[in-house]
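Asker: Just passing along the structure, written as structure tokens.
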Amino acid sequence: MTVQTQLQQAIASAQSVQASLTQFSLETENQDAKQLYENLATQQKNITTLLEGRYQQVLQEEPQFNQSN
């Protein structure tokens, strides 16, 4: 498994976690839990953004990965 594939999988997983947290915040009526889920979703979005940045960096550093896209 290439670094590119691993990063793509990590990004997809991070996006899935973010979506789940957002869904939890929408489904709960407990305001403390809602705030917690919203905060965690925001943190997860930041993690996803960092992973996407690393993915773009790998594509720039390893031109052969661009050819397979």
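Asker: In Å², what does the accessible area per residue of the chain work out to with a 1.4 Å probe?
Answerer: Spelled out: the 1.4 Å probe surface of the chain, per residue, equals 72 Å².
Asker: What value does the chain have for Rg/Rh, both radii from Cα atoms and Rh as Kirkwood defines it? Present the calculation step by step, with values, prior to reporting the outcome.
Answerer: Values: Rg = 15.4 Å, Rh = 13.2 Å.
In the chain, Rg relative to Rh is 1.17.
Asker: Taking the Cα atoms only, what angle lies between the long axis of helix 3-27 and the longest principal axis of the chain, rounded to 10 degrees?
Answerer: The answer is roughly 10 degrees.
Asker: Compute the relative contact order of the chain as a whole-number percentage, counting only Cα pairs closer than 8 Å that sit 6 or more residues apart in sequence.
Answerer: Taking the mean separation of contacting Cα pairs over the length of the chain, I get 38 percent.
Asker: Something else now. Angle check, please: helix 31-61 long axis (alpha carbons) against the longest principal axis of the chain (alpha carbons), in degrees 0 to 90, nearest 10.
Answerer: 10
Asker: Tell me the mean residue ellipticity at 222 nm calculated for the chain from its helices only (DSSP H runs of n ≥ 4, each -39500 (n - 2.57), averaged over every residue, nearest 500). Present the calculation step by step, with values, prior to reporting the outcome.
Answerer: On the way: 3 runs with 61 residues, N = 69.
Mean residue ellipticity, 222 nm, calculated: -30500 deg cm²/dmol.
Asker: Carbon and sulfur: what percent of the chain's accessible surface (1.4 Å probe)?
Answerer: Solvent-exposed carbon and sulfur of the chain make up 50 percent of the total.
The values are calculated or read from the model by the stated rules, or taken from the named source; none is laboratory data. Predicted model only: the values in this text are computed from it and were never measured. We work out accessible area using only protein heavy atoms, side chains counted, and drop any ligands, DNA or RNA first. Shrake-Rupley method; radii C 1.70, N 1.55, O 1.52, S 1.80 Å.
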